[in-house]
Each structure stands twice: as C-alpha cells, then as structure tokens.
Amino acid sequence: MLKLRTERLRRGWSQTQVTLRTGITPADLSMIERGLRPAYPGWRRRLSEAFALPEDYLFAEDTDALEVA
C-alpha cells in the first residue's frame, strides 16, 4: 500500500473527496493506492498538490501500514 492511501485516511478524506480535488476517479484512485495501476505524471502532480506533499513521499510504499483484508 502506498503512503498516498495512508495519508488520505489520516486526513479523513474519502476517495470521492480526493476526486473533487484532483479529477481522478475513485476507481483509478483505488487502483493507484493499491499499486495496481501506475499514476500518470499528471495524476502524480495533481495528487501531490491536493495533499501538499512531495510526489516521492506519497508514492512510496508504506511499510508501517497494516494491510486490512
């Protein structure tokens, strides 16, 4: 799981709220968060701006997060 998801949950943002900020669909966001779809450069930039965090941070693997089945 990427730090992107951890950060979204930490802020209490739904995928729909991120969609409103970025224009990335909830389905695409879910796949990006789980590492099933690469984030295109434009998406990475928009997510970085929405979270006000560097791309390198958001798209790093979150090794501390517990995977919930």
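Considering only the range 43-64, state which residues are among the polar types (S, T, N, Q) and more than 13 Å from ILE32 (Cβ to Cβ).
THR63, the sole residue that qualifies.
Are any residues in the range 15-69 of a type in the set (Val, Ile, Thr) and in a helix (DSSP H, G or I), and if so, which ones?
Residues satisfying the conditions are THR16, VAL18, THR19, THR22, ILE32.
Somewhere in the range 44-52, is a residue modelled with pLDDT under 95 and not small (Gly, Ala, Ser)?
No, the range 44-52 contains no residue that is modelled with pLDDT under 95 and not small (Gly, Ala, Ser).
If ARG10 satisfies every condition in (1) free of Cβ contacts under 8 Å to residues at least 40 places away in the same chain; (2) surrounded by 17 or more Cβ atoms within 10 Å (Cβ to Cβ) but one, which is the exception?
(2)
Out of all the residues in the range 19-69, which are among the charged types (D, E, K, R) and surrounded by fewer than 10 Cβ atoms within 10 Å (Cβ to Cβ)?
Passing the criteria: ASP64, GLU67.
The values are calculated or read from the model by the stated rules, or taken from the named source; none is laboratory data. All of these numbers come straight from a predicted model, not from anything done at the bench. Neighbour counts run over all protein chains shown; Cβ positions are idealised from the backbone, glycine included.
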